[in-house]
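S.K.: Mind looking over this structure? Questions follow.
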């Protein structure tokens, strides 16, 4: 079975480091069920507000990790496990970051190209403003392990940056996914 590669770019004061998060630690999973009625994943009491309702499927919290200047929250589909997830929605919140969304995206793509030197990493910016960027990147590899498509929304407010990402290895119907996930990502905002 195909597996999603979790790629998280972390901007530290001196270096941009690319690390793979494979959910190897014991995942902290919260169920979004109330009796037999399922709740939609929505965060409105956090710094960054977002909702996955428009996707129409059930998502669960896979991991949540807070470090000094960064918080990463990752969601997977309700019927998947972290070790074999095929789709991932993640939110990375960072503080004390002096970089624009465009600079972040550029450095992110550069790191991906280094990481996947044997594959062709392609990217494009869909919408760019002073304090936000909506883009996407993809790898059309020769093997299922190298095929991935991601939409990314980078939002800056003051010295804080939020990076919201939807990644999938299901590349059969990208236009349908694009319509849904670009809407979800662009509706996210800082409180």
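The values are calculated or read from the model by the stated rules, or taken from the named source; none is laboratory data. This structure is a prediction, so every number in the text was calculated from the model and none was measured. Ideal geometry is used to build each Cβ from the backbone, glycine not excepted, and the neighbour counts take in all protein chains shown.
S.K.: Within the set of pairs 6 or more residues apart or between chains, which connect a residue that is closer than 10 Å to residue 54 by Cα inside segment 178-189 to a residue that is surrounded by fewer than 17 Cβ atoms within 10 Å (Cβ to Cβ) and modelled with pLDDT of 95 or more with Cβ atoms less than 6 Å apart?
M.R.: Every condition considered, the pairs that remain are 180/54; 183/54; 184/54.
S.K.: I'd like to check something: does segment 44-59 contain any residue that is in contact with a strand residue (DSSP E or B) (Cβ under 8 Å, 6 or more places away or on another chain), modelled with pLDDT of 95 or more, surrounded by fewer than 18 Cβ atoms within 10 Å (Cβ to Cβ) and over 30 Å from residue 130 (Cβ atoms)?
M.R.: The answer is yes, given that some residue of segment 44-59 is in contact with a strand residue (DSSP E or B) (Cβ under 8 Å, 6 or more places away or on another chain), modelled with pLDDT of 95 or more, surrounded by fewer than 18 Cβ atoms within 10 Å (Cβ to Cβ) and over 30 Å from residue 130 (Cβ atoms).
S.K.: Taking only segment 134-156 into account, find how many residues are more than 15 Å from the chain's Cα centre (by Cα) and at pLDDT 95 or above.
M.R.: First pass over segment 134-156, keeping only residues more than 15 Å from the chain's Cα centre (by Cα): 139-147, 156.
Checking which are at pLDDT 95 or above leaves us with 156.
Looking only at that region, the number is 1.
S.K.: Moving on to the next point. Listed residues 140, 131; which is within 26 Å of residue 82 (Cα to Cα), in contact with a strand residue (DSSP E or B) (Cβ under 8 Å, 6 or more places away or on another chain) and either surrounded by 15 or more Cβ atoms within 10 Å (Cβ to Cβ) or free of Cβ contacts under 8 Å to residues at least 60 places away in the same chain (or both)?
M.R.: Working: 131 fails: within 26 Å of residue 82 (Cα to Cα).
Answer to the selection: 140.
S.K.: Give me a count of the residues in segment 65-83 that are farther than 18 Å from residue 160 by Cβ and either in a loop (DSSP other than H, G, I, E, B) or in contact with a strand residue (DSSP E or B) (Cβ under 7 Å, 6 or more places away or on another chain) (or both).
M.R.: Step one: filter segment 65-83 for residues farther than 18 Å from residue 160 by Cβ, giving 74-83.
Of the ones still in play, those that are also either in a loop (DSSP other than H, G, I, E, B) or in contact with a strand residue (DSSP E or B) (Cβ under 7 Å, 6 or more places away or on another chain) (or both) are 74-82.
Summing the residues that are farther than 18 Å from residue 160 by Cβ and either in a loop (DSSP other than H, G, I, E, B) or in contact with a strand residue (DSSP E or B) (Cβ under 7 Å, 6 or more places away or on another chain) (or both) in segment 65-83 gives 9.
S.K.: Find the residue count for segment 84-98, including only residues that are in contact with a strand residue (DSSP E or B) (Cβ under 6 Å, 6 or more places away or on another chain), farther than 17 Å from residue 137 by Cβ and surrounded by 15 or more Cβ atoms within 10 Å (Cβ to Cβ).
M.R.: Initial filter on segment 84-98 (in contact with a strand residue (DSSP E or B) (Cβ under 6 Å, 6 or more places away or on another chain)): 85, 87-95, 97.
So of that shortlist, the ones also farther than 17 Å from residue 137 by Cβ come out as 85, 91, 93-95, 97.
Then drop every residue that is not surrounded by 15 or more Cβ atoms within 10 Å (Cβ to Cβ), which leaves 85, 91, 93-94, 97.
The qualifying residues number 5.
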